[in-house]
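The values are calculated or read from the model by the stated rules, or taken from the named source; none is laboratory data. This structure is a prediction, so every number in the text was calculated from the model and none was measured. Positions of Cβ are generated from backbone atoms using ideal geometry, with glycine treated the same way; all protein chains shown enter the neighbour counts.
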Amino acid sequence: MGIFIKWFVLTIAIIIASYLLNGIRVTGFLSALSAAAILGILNAFFRPILIMLTLPLNIMTLGIFTFVINAILLLMASGIISGFELDGFWPALSGSLLISIVSWVLNSFIDEHGKWGYKETDNDSDRDN
């Protein structure tokens, strides 16, 4: 159940990015859902390989190069899904940044069981004592 919620969160993040940024177009919810599925598959299989291949560059940039990797994966997803279009590298880079931020914010409300709600952190339990 949790994977479907995270898939839906990524779909919402892609839709938000298409509304806020020029150069990213999604023709409908089904295209965004497909783009999120393809992006999830690309992230699962290719992202670890790309991170390892660019590890020295990633270390030198203190991890900021990861957004370039995310942009490349976003461009790959747009090449596969016909209703998901990017106008080039710079919209992909800004889109990857926005999608990462929106996904992080929305996923912060999902617990480890895939349920929406307030996630208690270690700092919250320390305050109770």
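Assorted remarks:
- All conditions but one from (1) buried (at least 18 other Cβ atoms within 10 Å of the Cβ); (2) more than 16 Å from the chain's Cα centre (by Cα) apply to Ile49; the one that does not is (1).
- Positions within segment 1-58 being in contact with a strand residue (DSSP E or B) (Cβ under 9 Å, 6 or more places away or on another chain) and β-branched (Val, Ile, Thr), in sequence order: Ile5, Val9, Ile14, Ile15, Ile24, Val26, Thr27, Ile38
- Here Trp90 meets the list (1) more than 18 Å from Ala36 (Cβ to Cβ); (2) modelled with pLDDT under 85; (3) in a helix (DSSP H, G or I) almost entirely, failing just condition (2).
- So Phe65, is it aromatic (Phe, Trp, Tyr), surrounded by 14 or more Cβ atoms within 10 Å (Cβ to Cβ) and either modelled with pLDDT of 95 or more or farther than 18 Å from Ile38 by Cα (or both): yes
- Residue in segment 25-41 that is in a loop (DSSP other than H, G, I, E, B) and under 16 Å from the mean Cα position of the chain (by Cα) present: no
- Unique residue being free of Cβ contacts under 8 Å to residues at least 40 places away in the same chain, of a type in the set (Phe, Trp, Tyr) and in contact with a Ser or Thr (Cβ under 9 Å, 6 or more places away or on another chain) when the list is Phe8, Phe84, Phe29: Phe29
- Single unsatisfied condition, Met60 versus (1) at pLDDT 90 or above; (2) touching a helix residue (DSSP H, G or I) at 6+ places or on another chain (Cβ under 7 Å): (2)
- Screening segment 1-24 for residues that are modelled with pLDDT of 90 or more and in a loop (DSSP other than H, G, I, E, B) and picking the one that is surrounded by the fewest Cβ atoms within 10 Å (Cβ to Cβ) gives Asn22.
- Hey, Gly88 at positive phi and either among the small types (Gly, Ala, Ser) or touching a strand residue (DSSP E or B) at 6+ places or on another chain (Cβ under 9 Å) (or both) or not: yes
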